[in-house]
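This is the structure I have questions about; it appears just below.
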Amino acid sequence: MRYGIDASNLVSGGGTNHLINLLTHINGVTDSKTSITVWASNKLRAEIPRTKGIDVITVPDINGSSLKRLFWQMRKLPYLAQDVCDSILVPGGIAGNHSIPMISMCRNMLPYEISEAFRYGISYMLIRLFYLWILQSRTFHNSSGVIFLSDYARDRVISQIGKIRGKTVLIPHGINSRFFCKPRIQRRLDSYSMKDPFRLLYVSVVDVYKHQWNVVEAVSQLRNTGMPIRLDIVGPAYPPSLRRLTKALNIWDTGRSFVGYHGNIAHTELHHLFHKSDGFVFASTCENFPNILLEAMASGLPIACSNRRPMTDIVNGGCVLFDPLHPQSIAEAINMMIMDVSLRDRISNSVYEMASDYSWEKCSIKTFDFIDKCTS
């Protein structure tokens, strides 16, 4: 089997992490008669494992502007791929008209969540999301198979674009082994102090649907009651949202005494942050399959989480839920979690056990098995 992978529009984040792990854990998938051709940027090419049978190709158009890359992807790649591949996987969800079987992936839910998209207001981002809706929906309809990461994503997309003609399958992502850390014995609240506070971590891109500013206000409310708590926010930022976060910090923590924003940290280093933290908070209102939540679960941390799907499906009643749009709700959930040491202990053990079901080995095997089914 000659597999092709169009990774030309994978730039950073979950998409690149998925592809790297997919190709890192292909043991048992490939053999001497199997080849994998990947089209990727120079940056991604450097991160893809050097494994026998995997050929990574880059061209100037992939490394150029987004419009140049899209034109190459839609017009030129289909002709290149048909000569060297029996099928092509499109993890980025956008592709041209391929003559060989195409298997696409649904990764981005923002184009299918209208209320979330309008958080950007009348802006370039809103127009971009509308355009993505058109391109992705077209790709899904033209695919021999579509891979969904969650039941929620499959239900939501099909309800908007109608029945998909090709096969569909649910294949969740895995978790890197370095994140797994057996739950620690939970400390009593009176063992913390303002100098040695409960360290709450929030890792995610700072964006309009992540609501970091609401978490800052919630933590400020708890500090005002005397609770020894500190919030660490980690992740890259959408500039307008970073300004909103900075404004919130200037209101609720002018001296930066209990909230720290650390910007983007390499994914290869994130597990150290998880293992040094006492708890995790996740306040997103729009997700497909948030791997960062899985990584917090694997780290054995007690978690306070958004009450929106698919988060509720993933934690399956294993943590404290809140309404991410209301700081008071967030504060109440965090307070409940921190005050009750036995609750923290139950949460950390429950989510750690659930995280063990996710592996990149399973993801890789299921993905290539599905490609084979769509090709035969």
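Looking at the stretch 294-307, can you tell me whether even one residue there is at pLDDT below 95, under 27 Å from Ser177 (Cβ atoms) and not in a helix (DSSP H, G or I)?
There is no residue in the stretch 294-307 that is at pLDDT below 95, under 27 Å from Ser177 (Cβ atoms) and not in a helix (DSSP H, G or I).
Give me the pairs, please: first residue somewhere in the stretch 112-124 and over 19 Å from Phe140 (Cβ atoms), second residue anywhere and in a helix (DSSP H, G or I), beta-carbon distance under 7 Å, and either six or more positions apart or on two chains.
Taking only residues 6 or more apart or on different chains, the pairs are Glu116/Leu110; Phe118/Leu126; Tyr120/Leu126.
What tally of residues in the stretch 245-292 results from selecting those that are farther than 29 Å from Pro111 by Cβ and hydroxyl-bearing (Ser, Thr, Tyr)?
Qualifying residue count, the stretch 245-292: 4.
Of the residues Asn17, Asn63, which single one is assigned to a loop (DSSP other than H, G, I, E, B) and in the same structural domain as Asn108 (by TED's automatic domain parsing)?
Step by step, each of Asn17, Asn63 is checked, and only Asn63 is assigned to a loop (DSSP other than H, G, I, E, B) and in the same structural domain as Asn108 (by TED's automatic domain parsing).
Here are some residues: Leu149, Leu135. Which one is assigned by TED's automatic domain parsing to the domain that holds Gly96, of a type outside the set (Val, Ile, Thr) and crowded, with 22+ Cβ neighbours inside 10 Å? Spell out the reasoning first.
Numbers: Leu135 fails: crowded, with 22+ Cβ neighbours inside 10 Å.
Matching residue, one of Leu149, Leu135: Leu149.
Still on this structure, please answer the following. So which of Ser299, Ser306, Ser329 is over 18 Å from Val206 (Cβ atoms), crowded, with 23+ Cβ neighbours inside 10 Å and not assigned by TED's automatic domain parsing to the domain that holds Asp151?
None of the other options fit; the residue is Ser299.
Working only within the stretch 262-276, note down all residues that are part of a loop (DSSP other than H, G, I, E, B) and either in contact with an Asp or Glu (Cβ under 7 Å, 6 or more places away or on another chain) or surrounded by 24 or more Cβ atoms within 10 Å (Cβ to Cβ) (or both).
Answer for the stretch 262-276, where residues must be part of a loop (DSSP other than H, G, I, E, B) and either in contact with an Asp or Glu (Cβ under 7 Å, 6 or more places away or on another chain) or surrounded by 24 or more Cβ atoms within 10 Å (Cβ to Cβ) (or both): just His262.
Taking Asp196 as the residue in question, decide whether it is touching a strand residue (DSSP E or B) at 6+ places or on another chain (Cβ under 6 Å), assigned by TED's automatic domain parsing to the domain that holds Gly318, in contact (Cβ under 8 Å) with a residue 24 or more places away in the chain and surrounded by fewer than 21 Cβ atoms within 10 Å (Cβ to Cβ).
no
Same structure again: Go through (1) modelled with pLDDT of 95 or more; (2) at negative phi for Gly235 and report which single condition fails.
So Gly235 meets the others, but not (2).
I need the full set of residues from the stretch 94-122 which are of a type in the set (Phe, Trp, Tyr) and within 14 Å of Val208 (Cβ to Cβ), in order please.
Phe118, Tyr120
Taking the conditions exactly as written (more than 28 Å from Met109 (Cα to Cα) and either in contact (Cβ under 8 Å) with a residue 40 or more places away in the chain or more than 23 Å from the chain's Cα centre (by Cα) (or both)), does Asp340 satisfy them or not?
Considered against the rule, which asks whether it is more than 28 Å from Met109 (Cα to Cα) and either in contact (Cβ under 8 Å) with a residue 40 or more places away in the chain or more than 23 Å from the chain's Cα centre (by Cα) (or both), Asp340 comes out as yes.
Now for a separate question. Exactly one of these conditions fails for Trp213: (1) farther than 19 Å from Phe322 by Cα; (2) touching a Lys or Arg at 6+ places or on another chain (Cβ under 7 Å). Give me its number.
Trp213 satisfies every listed condition except (1).
Can you spot a residue in the stretch 152-167 that is of a type outside the set (Lys, Arg) and on the phi > 0 side of the Ramachandran plot?
yes
Counting just the residues of the stretch 332-365 that are in a helix (DSSP H, G or I), out of contact with any helix residue (DSSP H, G or I) (no Cβ under 8 Å at 6 or more places or on another chain) and of a type outside the set (S, T, N, Q), which one comes out surrounded by the fewest Cβ atoms within 10 Å (Cβ to Cβ)?
Applying the filter and picking the extreme gives Glu353.
Considering each of Arg154, Arg45, Arg75 in turn, give the residue that is crowded, with 18+ Cβ neighbours inside 10 Å, in contact (Cβ under 8 Å) with a residue 12 or more places away in the chain and either of a type in the set (Val, Ile, Thr) or assigned to a helix (DSSP H, G or I) (or both).
Details: Arg45 fails: crowded, with 18+ Cβ neighbours inside 10 Å; Arg75 fails: crowded, with 18+ Cβ neighbours inside 10 Å.
Going through Arg154, Arg45, Arg75 in turn, just one is crowded, with 18+ Cβ neighbours inside 10 Å, in contact (Cβ under 8 Å) with a residue 12 or more places away in the chain and either of a type in the set (Val, Ile, Thr) or assigned to a helix (DSSP H, G or I) (or both): Arg154.
Counting only residues that are of a type in the set (A, V, I, L, M) and crowded, with 18+ Cβ neighbours inside 10 Å, which one in the stretch 170-193 is nearest to Leu231 (Cα to Cα)?
Here the answer is Ile175.
The values are calculated or read from the model by the stated rules, or taken from the named source; none is laboratory data. Quick caveat: nothing in here was measured; it's all calculated off a predicted structure. Neighbour counts run over all protein chains shown; Cβ positions are idealised from the backbone, glycine included.
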